[in-house]
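Enquirer: Pasting in a structure now, in structure tokens, and then I'll have a few things to ask.
The values are calculated or read from the model by the stated rules, or taken from the named source; none is laboratory data. Computed from a predicted structure; not experimentally measured. Every residue, glycine as well, gets a Cβ built from its backbone with ideal geometry; the counts of neighbours run over all protein chains shown.
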Amino acid sequence: MTETLPDSGTDPAVRDLALLDTSHVSDALDKLGINAQIAGLLPLQRTSRLVGRAFTVRYVPITGTGGTVGDYIDDLAPGTVVVIENAGRLDVTVWGDLLTATASQRGVAGTVIDGVCRDSDRAVDLDYPLYARSRWMRTGKDRVRVESYDIPVTVGGVCVEAADYLVGDGDGVVCVPAARVHEVIDIAAGIREAEEAIRAAVEGGASLRDARAANGYHTLQTRKD
């Protein structure tokens, strides 16, 4: 395996997405009719922020003997987001202390797991963005194995393809399809500006009703025909 994605510092879409909250991006996805709000995965820390492009990993149960939980982390470029499909399992972990420490050292942007992690204190200590269904200590070794990398995976009911964009904050995480990232950014930025205008109007003495009406608040996320 080789480094699959460039450093996110050279990607203008990553820089633009970093200026947006997940709520802005979510509303833009709704407007475009894209179902990409990842359900049920929350950050270990309320203050977490995550932006980057996906490196995807799929785990499957071990049948018989053999298999590995993977050493892929050594090959990832800075700014990559590790996205792991483990069928939403809560009984075996696929991410722990050593992966967190290595990812943090390499400048990996964060990890998104449809499943559980362990050694959560290390992620908190390193301020490493980690999104999962929960945390539990039981190892995945001898229970699950890596089936494949850089393939479409399903996390929280959303299909994430390799090199798609992920945006995460305290409210959760969303996926932005790479082919539509510029559309999403343009619409999400407009939604952010409209909400800022509403806030400024209210702070200036306007009623919320009037400020919303003046800025089209109730249709910001309405699907385009």
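Enquirer: For the range 104-123, how many residues meet the condition of being surrounded by 18 or more Cβ atoms within 10 Å (Cβ to Cβ) and within 15 Å of V81 (Cα to Cα)?
Expert: So the answer is 8.
Enquirer: Pick from G172, G156: which is under 30 Å from T63 (Cα atoms) and surrounded by 19 or more Cβ atoms within 10 Å (Cβ to Cβ)?
Expert: G156
Enquirer: Still on this structure, please answer the following. Please pick out the residue among R46, R58, R53, R15 that is assigned to a helix (DSSP H, G or I) and either modelled with pLDDT under 95 or under 25 Å from T102 (Cα atoms) (or both).
Expert: It is R15.
Enquirer: Also: State all residues of the range 39-74 that are within 26 Å of T10 (Cα to Cα) and aliphatic (A, V, I, L, M); if no residue qualifies, say none.
Expert: L50, V51, A54, V57, I73
Enquirer: Further, regarding this structure: If a residue counts only when it is more than 26 Å from A36 (Cα to Cα) and within 15 Å of the chain's Cα centre (by Cα), which helices (runs of 4 or more DSSP H) contained entirely in the range 112-218 have at least 1 such residues? Before the answer, list the steps.
Expert: On the way: elements: 120-125, 181-203, 208-214.
So the answer is none; nothing clears 1.
Enquirer: Hey, among the residues in the range 208-225 that are closer than 15 Å to S26 by Cβ and among the polar types (S, T, N, Q), which one's surrounded by the most Cβ atoms within 10 Å (Cβ to Cβ)?
Expert: Of everything passing the filter in the range 208-225, Q221 is surrounded by the most Cβ atoms within 10 Å (Cβ to Cβ).
Enquirer: Okay, next question. Could you please find all residues in the range 74-89 being outside any loop (DSSP other than H, G, I, E, B) and surrounded by fewer than 21 Cβ atoms within 10 Å (Cβ to Cβ)? Steps first, answer last, please.
Expert: Of all residues in the range 74-89, those outside any loop (DSSP other than H, G, I, E, B) come to 74-75, 80-85.
Passing the criteria: D74, D75.
Enquirer: List, please: which pairs have Cβ atoms under 7 Å, are six or more places apart or on different chains, and start with a residue in the range 136-165 that is not assigned by TED's automatic domain parsing to the domain that holds W95 and end with one that is assigned to a loop (DSSP other than H, G, I, E, B)?
Expert: none
Enquirer: I'm trying to understand the selection: among the residues of the range 42-57, which are surrounded by fewer than 22 Cβ atoms within 10 Å (Cβ to Cβ) and out of contact with any Leu (no Cβ under 7 Å at 6 or more places or on another chain)?
Expert: Scanning the range 42-57 gives L42, Q45, R46, T47, S48, R49.
Enquirer: Here's another thing I want to ask about it. Are any residues in the range 69-87 touching a Lys or Arg at 6+ places or on another chain (Cβ under 6 Å) and at pLDDT 95 or above, and if so, which ones?
Expert: E85
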